[in-house]
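Below: the structure, in structure tokens.
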Amino acid sequence: MYNSIGNYSTDIKKNFLECDFYFFKKKNIFKYLKIKKIINYFLNIKQLIFLIFFYNKWFKFNFKNNILYFNKIKNKIKNTIDIFFKLIILSKFKVTNFVNLKNMFSNLKNIIWTSIGFFSILDFFFIKNKYNINLKKIIIESIDKIPFLTKYIILNKIRISNSNRVRLGSYISENTTIMSEGYVNFNTFVGKSCMIEGRVSAGVIVFENSDLGGSSSIMGTLSGGGNNIISLGKNCLLGANSGLGISLGDNCIIESGLYITNGTKIFFNIKKKNILIKANKFSFINNLTFYRNSTNGKIECCKNNLFISKTNKFLQFN
């Protein structure tokens, strides 16, 4: 069970657009507020006064549209506020339990995210015409259901070259660098000291000290990726333009330009013999190198005894 106070925004028709949440650690707040198992309970004046005077952390809180929110991350999504709550939980905490995001997109609408605020599409045209806003004087950052991470959370010891390529709902660990061509979707986990120049799709886990080369890709759980969570182990390297559709163990390498999916047939080099094996049999095995034989074009794999140290440490230093 997670508990928080939210500040929500609505469109002209009073439909929820989004919500930012403030989490409190003290459990006895419920004792003072005298609230018992209430969902989406709007704060009254006495409760607001209590928060303002008894909790220093709330002095800077803008009590405009406020809501005291209770949520179990395994519960089904009910509305827009529920979705934003879970996305922010994913980005602020290392959630080890299952977070239910089923039917998320059916409960969200496209929002125009701009340098002067965010609006529903109909509201934006209404406000633009009413106040005669010149489009050349504002920046439309995106038209999307999910905003990018830095709209809500600024992470310490993280380097993000292009912030609109990291979506809210991604968990980025410290000392990680995400270059301008790197992309990290929602519901993802990226471990410490990683270099991301490729794409981390929804539902993917990347463990610490791993590098994703330029334009590389890890298959996610959306768009036909299935329900299997794909993970990349520690100290792994995906070469530029490579792809991964199975889970790998630690210290693994995939050659540049090579895409390995679940059903790819691979020749495994063991004791000077090549055995044809399906790619899914290599899942979670450590110390593997995948490459394409330049002579015959066959995909091969061999064991390596290498520990992949960070290449170009100066580039990855935050």
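With the simple model of a label 7 Å out from the Cα in the direction of the Cβ, GLU141 to PHE93 spans 2.5 nm. Taking amide H as placed 1.01 Å from N in the peptide plane, the amide H of TYR183 sits under 5 Å from that of GLY198, ARG199, VAL200, each at least 5 places away or on another chain.
For LEU288, the residues whose modelled amide H falls within less than 5 Å of its own, excluding neighbours fewer than 5 places apart on the same chain, are CYS252, ILE253, ASN304. What pairs in LYS14/LYS145; LYS234/LYS298; LYS102/LYS157 have C-alpha atoms more than 24 Å from each other? Violating the 24 Å limit, Cα to Cα: LYS234/LYS298; LYS102/LYS157.
A Förster radius of 30 Å combined with the Cβ-Cβ distance from SER161 to LYS130 puts the calculated FRET efficiency at roughly 0.20.
Global dimensions of segment 139-234 from alpha-carbon coordinates: Rg and Dmax equal 12.5, 39 Å.
What is the calculated FRET efficiency for LYS278 to THR10, with r their C-beta to C-beta distance and R₀ = 45 Å, to the nearest 0.05? With R0 = 45 Å, the Cβ-Cβ based efficiency is 0.30. With θ taken as phi - 60° and the Karplus curve 6.51 cos²θ - 1.76 cosθ + 1.60 applied, the whole-hertz 3J(HN,Hα) list for segment 159-174 is 10, 10, 6, 9, 5, 7, 10, 10, 8, 4, x, 9, 9, 10, 7, 5 Hz, x standing for glycine and proline.
Every read-out reported here was derived from the displayed coordinates using simple, explicitly stated rules and does not represent laboratory data. Everything quoted here is computed from the prediction, not taken from an experiment. Note that each Cβ is placed from the backbone with ideal geometry, even for glycine, and that neighbours are counted across all protein chains shown.
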